[in-house]
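Worksheet: the structure to be examined is printed underneath.
The values are calculated or read from the model by the stated rules, or taken from the named source; none is laboratory data. All values reported here derive from a predicted model rather than from experimental measurement. As a convention, Cβ positions derive from the backbone with ideal geometry for all residues, glycine included, and neighbour counts pool all protein chains shown.
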């Protein structure tokens, strides 16, 4: 469904900003608390966090870039929330209140926007997130972007920068081919992320958004490389499906496709991997876990090395956000 | 200066996202703290607030909508921060860490962006704000938006909704004609807002962004109106200048122009106005203060009434964010 209308009567500019904000409050229902802890003042007043440290992340979605007319408004709205949730999961956090900036052309269709907010609402209800404020600003006709800033709290925020040479590398789920469906249907790995952040053997973690080949580098300490067992890489069936027509191998899709929204994390080199994997299976029987390699001393061949052949991976990049469209 | 370039070598897409994020860290200098309290992980980890309650606001700026090629990149960047600061001022708060979402066409010029960030940096240094994280996402060519989410803390957040019938209405500074310069050169009324929020006689406050005629309604309790002394309205000299050619009166500019970024607030009906104004002048000798009316019982004639004639103001709207451009 296209977010825009040629019929002025159906557009947000006919409705006007003040009425639109009232509608948004109604559309969001219980996800929109009363002011000052919700929409209606110059700032939202946040409830104090219960414990741990506060964390903050922001993510965007734009029509024509991150979704198109083939995507339902509900899916687009839910995805905006889930992308942010994946960042909270990466830190081992629990989501808190959020604020939303809408950037709308005057021809954005009110009915489309209502369904977009329904997707946001359903997702926020599921994950117990309140939408406490936001901003509406205008763009030229035919444009729509939404930017969500999500707070969270984490007992012990798990960082990317705390991995050490020798640590084992793990990924959750399967990788590649998310464009065939998972990029909307993914479940942010919140409970897994929280559990990992509390586990004494987990040394660092992050989420995979731009592809393993690009993102994994962020977990590597200076002067190290990742020695990867490519035969162990959990290749998604969607990656195999894509490979039939894309000219890429399924392995390349698993390494380079964006939007896996899985966790990649490191386990201390002294950890008992077998015991850890047994704990994991008991905790998360439905979330696959795979050890894919370990962190080794620097190699002149690059940051990502195929440990079977001791050569650099032929692809070391993932999704590039600023390429020409 | 236009934010875009036809020369690929000068564009952000040539630079790429990873290098751009590194550049942004350098451009921001001391305003960009080290991870995890700054750029570099999935979320930013915030330092606990010292006292009071946490507040949160978000605001956007888009090329072609909120600024054009006649505006320097530095002014555009600083304005994005100051718009958010005005919301913090409205609650009587002190600014805290911020996150920034950039939405960039591939042809955004790196040199332009560096200057945009220089404006952000100067403003953040002045107001002691850290930029702790963000997001970069792509738009179609020729597009640029930036969305800043700003945290803050307030000992006692001052709301809009706590004004009462009988209260006096005050505004700071002068109103109207901001398009002639003040919309970039304004100083957010932070210290005034903090002082007011602590003052026992100040019952409610907000900032003026869309014009008094639109914004003042948000301060009125249900079943009340604002009885305004139009002769007391502090009309900016820029409003008089505009009126010479606009076809509007200076008074109409003062009521309807957006982007004053002044405070409008209410004083308890039992307060000693003279004593309050004397205190104000001692505290803020350079910030004008004007009593412009009071809140009265509901009138069938509308929410904004000219108290001299007891008739509704002929204009009761301000800047409309969603009108067609």
Which of (1) surrounded by fewer than 24 Cβ atoms within 10 Å (Cβ to Cβ); (2) touching a helix residue (DSSP H, G or I) at 6+ places or on another chain (Cβ under 8 Å); (3) assigned to a helix (DSSP H, G or I) does residue B:88 not meet, given it meets every other one?
(1)
Just one of (1) surrounded by 21 or more Cβ atoms within 10 Å (Cβ to Cβ); (2) within 24 Å of the chain's Cα centre (by Cα); (3) at pLDDT below 95 trips up residue B:39, so point out which.
(2)
Checking residue B:111 against (1) surrounded by fewer than 24 Cβ atoms within 10 Å (Cβ to Cβ); (2) within 7 Å of chain A (Cβ to nearest Cβ), which single condition isn't satisfied?
(2)
Assuming residue A:196 fulfils every condition listed in (1) farther than 25 Å from residue B:133 by Cβ; (2) surrounded by 17 or more Cβ atoms within 10 Å (Cβ to Cβ) apart from one, which condition is it?
(1)
Give the residues of segment A:258-300 that are free of Cβ contacts under 8 Å to residues at least 40 places away in the same chain and either within 18 Å of residue A:228 (Cα to Cα) or not assigned by TED's automatic domain parsing to the domain that holds residue A:238 (or both), sorted by residue number.
A:300
Top-ranked residue of segment B:42-85 - restricted to ones that are free of Cβ contacts under 8 Å to residues at least 60 places away in the same chain, in a loop (DSSP other than H, G, I, E, B) and in contact with a helix residue (DSSP H, G or I) (Cβ under 9 Å, 6 or more places away or on another chain), ranked as surrounded by the fewest Cβ atoms within 10 Å (Cβ to Cβ):
B:66
Please tell me if residue B:286 is more than 30 Å from residue B:198 (Cα to Cα) and either modelled with pLDDT under 95 or surrounded by fewer than 16 Cβ atoms within 10 Å (Cβ to Cβ) (or both).
no
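I need the strands (runs of 3 or more DSSP E) fully contained in segment A:124-232, keeping only those with at least 2 residues that are within 12 Å of chain B (Cβ to nearest Cβ). Spell out how you get there, then give the answer.
Working: elements: A:131-138, A:144-154, A:168-172, A:202-207, A:224-228.
Output list reads A:131-138, A:144-154, A:202-207.
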Would you check which residues across segment A:7-38 are away from every other protein chain (no Cβ under 12 Å) and in a loop (DSSP other than H, G, I, E, B) and list them?
A:7, A:32, A:33
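Just one of A:278, A:311 is at pLDDT below 95 and more than 18 Å from residue A:175 (Cβ to Cβ); which is it? If you could, list the steps in order and put the result at the bottom.
On the way: A:278 fails: at pLDDT below 95.
Unique residue meeting the criteria: A:311.
Residues are listed down the side, and each one gets a yes or a no for (1) under 19 Å from the mean Cα position of the chain (by Cα); (2) within 21 Å of residue A:7 (Cα to Cα):
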| position | (1), (2) |
| --- | --- |
| A:62 | yes, no |
| A:66 | yes, no |
| A:83 | yes, no |
| A:86 | yes, no |
| A:96 | yes, no |
| A:100 | yes, no |
| A:134 | no, no |
| A:142 | no, yes |
| A:156 | no, no |
Index of the failed condition, residue A:245 passing every other in (1) surrounded by 15 or more Cβ atoms within 10 Å (Cβ to Cβ); (2) closer than 22 Å to residue A:182 by Cα:
(1)
Residue match in segment B:250-269 (condition: crowded, with 17+ Cβ neighbours inside 10 Å, touching a strand residue (DSSP E or B) at 6+ places or on another chain (Cβ under 7 Å) and more than 29 Å from residue A:17 (Cα to Cα))
yes
